[in-house]
Structure formats: C-alpha cells, structure tokens
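Peer 1: Here it is: the structure, laid out below.
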Amino acid sequence: MQFVFFGTSKFSTLVLDELKVAGFLPAIVVTAEDKPKGRKLLLTSPEVKIWAKENKITYLQLKTLRKPESVETIRGYGPFDLFIIASYGKILPKEILDMPQHGTLNVHPSLLPKLRGPSPIKRSILTENETGVTIIKLDEEVDHGPILAQKKVSVPEWPPYEEDLENMLGKEGGKLLAEILPDYINGKIEEKEQDHSKATFCKKIEKTDGEINLSDNAETNLRKIRAYHIWPGAYFFLDRPLGHSVSKSRIIVKRAHIENDKLILDRIVPEGRKEMSYADFLKGQK
C-alpha cells in the first residue's frame, strides 16, 4: 500500500511507530519547516522529520499546501492509495484530500464529535474526565468527516500530565489505525456520520492561557498545570522587592497535586533559574 503521512509532532511519531510495527511504512512524509525554538532560538527540526531520517523515508517540508506547486510536488511522487494525517498542523485543500484512491484519514486524539480543533489533548485535560482516539475520513470541514473507528482510552490518573496523555493516545491511535487499514482498503469498514449536534470545539492555545491565580479553585489550577505542562507552561507571578519598587517574577509550575482539597506545588522553575522543589524555593525566600 502506497501512502503519504502528514504530521509534525511527537504524537505523529507515536502513530508512525505503531504503523511501522504493523508493517506499514509511508512512501513519503510531509511535515512542517524547521523553526527556531528555546531561549537561544536554535533552528529545530520537527519530530516527524527526525523520524523520517532515522527510518530512511523521503520527507517534504512544505511551507504551504495551498499553492499549485505544492500540490504538484506531492502528486509527482504518486500515485497513492491513501493519505494519513496525525497532528500535522495545516489544513489540506480539496485537491490534496481527493488525490489518493481511498481518500485521506485522520487520527484525532479525542472522542469525536467532542473537541474538534487544534488542541484536543490539552482541552480534554482542562474540561473532560475521559478521552480516546477517533479515526475519521477527512472532508473539507475541520474534524467533520465520517467515523471509521473510535476507542476510549483508560487513563490511570485524571487529570493526566499532557505528555503522558499524548503518549497514550498516540500509541492507541496508531494501533487502532493499523488494525482497521486492511479492511478499510478492501471496503469493509462502515463509515458512520458524526452527530454534528453534539460537536464541541477547542481553540488554539496561546502563551497567555498558561497564567494561573493561586487563589482560584484547586482542581481548575491543577488541570491547567497538567494540560499546559509541555507548552505554554502554567505560571504565576510573584511580587519581588526591587529597591523602592516591586517587580513581578514569573514562576512556572512543573509538578503539583491536590491534598485535602488544596493545591500543593511540588516542582517549579523560578524565572532565570533551574527547576527546583517548591519547598526549597520557599526556604530561600525567608
């Protein structure tokens, strides 16, 4: 089976790993461009590019898919049986969606029609008490197409940390996709339309979403700390005397739990310093 894989993140590579275990390797992968990251703004490759190089798979880094030359670049590697998307970050135009013989499938980390949009893992930690993965056939609307398979994923502790949930959903999504692919290609999978009246949507997360107020509800803050653990990080500001004035120092919370209905901070990163226990930080403030 000749297929193209579109993806960018760690979630994408987890899906690829499970496809590889099942004997499915993409003919090419399409991923994002290298971007500056971190304090030093070092040019960093997306995780799918790294995966492709390690597995000797041809990769394309296309700035946009909406230009005719991008469409023709992909078409030039064909023909293809199928396209697969998992956490790619760009919307595919109709010319690309319809290019392969069997259409385009998406591995989405939520129980669709819940949490359509770009941030379902973070949003499920913030607002839900369960989650899972859904395989859909893509149409032109966002996360709107018919469902081919869906699975609830058992999570040992709720709310989970973002990277733990991403690992679970990526692996389960890849396994579920690998399981249905042979039957899908042979026309044996029933397409089930989503109940669009029950659809919910999640927005793109901004850096400012990570700010917390320690006087807010403990569970609300814990969910933010765990949902934003990878990015943007949950943080609060601490007043710090500076001569005759007061400056605000940003404290990033890395680990926390609830004890007797109170939020307990375990690990933090004070502004300009390394990660430490919150208890040690408080000792240094005396």
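What follows is calculated from the coordinates using simple rules that are stated; it is not laboratory data. Because the structure is a prediction, the values reported are computed rather than measured. Cβ: placed from backbone, ideal geometry, glycine included. Neighbour counts: every protein chain shown.
Peer 1: Given H placed 1.01 Å from N in the peptide plane, which residues other than close sequence neighbours of Ile136 have an amide H under 5 Å from its amide H?
Peer 2: Excluding prolines and chain starts, which carry no amide H, the hits are Asn106, His108, Leu148.
Peer 1: Mind ordering 41-51, 212-222 by average Cβ neighbours within 10 Å, highest first? Before the final figure, lay out each step's value.
Peer 2: Numbers: 41-51: 17.4, 212-222: 14.3.
So the order, starting with the most tightly packed, is 41-51, 212-222.
Peer 1: Let me ask something additional. Longer than 26 Å from Cα to Cα, which of Lys53/Lys224; Lys63/Lys188; Lys67/Lys114; Lys10/Lys37; Lys152/Lys203 are they? Say none if no pair is. Walk me through the numbers before you get to the answer.
Peer 2: Working: Lys53/Lys224 35 Å; Lys63/Lys188 36 Å; Lys67/Lys114 31 Å; Lys10/Lys37 15 Å; Lys152/Lys203 22 Å.
As for pairs spanning more than 26 Å Cα to Cα, those are Lys53/Lys224; Lys63/Lys188; Lys67/Lys114.
Peer 1: How big is the shadow of the Cα convex hull of the chain, averaged over all directions, in nm²?
Peer 2: Values: hull surface 71.7 nm².
The orientation-averaged projected area of the Cα hull of the chain comes to 17.9 nm².
Peer 1: Between Glu72 and Lys204, what's the calculated FRET efficiency when r is the beta-carbon distance and R0 is 30 Å? Round to 0.05.
Peer 2: Working: r = 29 Å, r/R0 = 0.98.
According to the calculation, E is roughly 0.55.
Peer 1: Can you check what the Kirkwood hydrodynamic radius comes to for region 85-221, Cα pairs only, in Å to one decimal? Let's see the in-between values first.
Peer 2: Working: mean 1/r = 0.0623 Å⁻¹.
The Cα-based Kirkwood calculation yields 16.0 Å.
Peer 1: I'd like to know how region 167-286 sits against the 2.2 N^0.38 Å rule of thumb: what's its Cα Rg over that expected value? If you can, show how the numbers build up before the last one.
Peer 2: Details: Rg = 21.5 Å, N = 120, 2.2 N^0.38 = 13.6 Å.
Relative to the rule-of-thumb radius for its length, region 167-286 sits at 1.59.
Peer 1: Using DSSP to call loops (not H, G, I, E or B), can you name the trypsin sites (Lys or Arg not before Pro) in region 54-128 whose Cβ has at most 12 other Cβ atoms within 10 angstrom?
Peer 2: Details: sites: Lys56, Lys63, Arg66, Arg75, Lys90, Lys94, Lys114, Arg116, Lys122, Arg123; in loops: Lys56, Lys63, Arg66, Lys90, Lys114.
Those that pass, being in a loop and sparsely packed, are Lys56, Lys63.
Peer 1: Of all DSSP beta bridges in the chain, what percent run antiparallel (nearest 5)?
Peer 2: On the way: 33 of 50 bridges.
Around 65 percent of the beta bridges assigned by DSSP in the chain are antiparallel ones.
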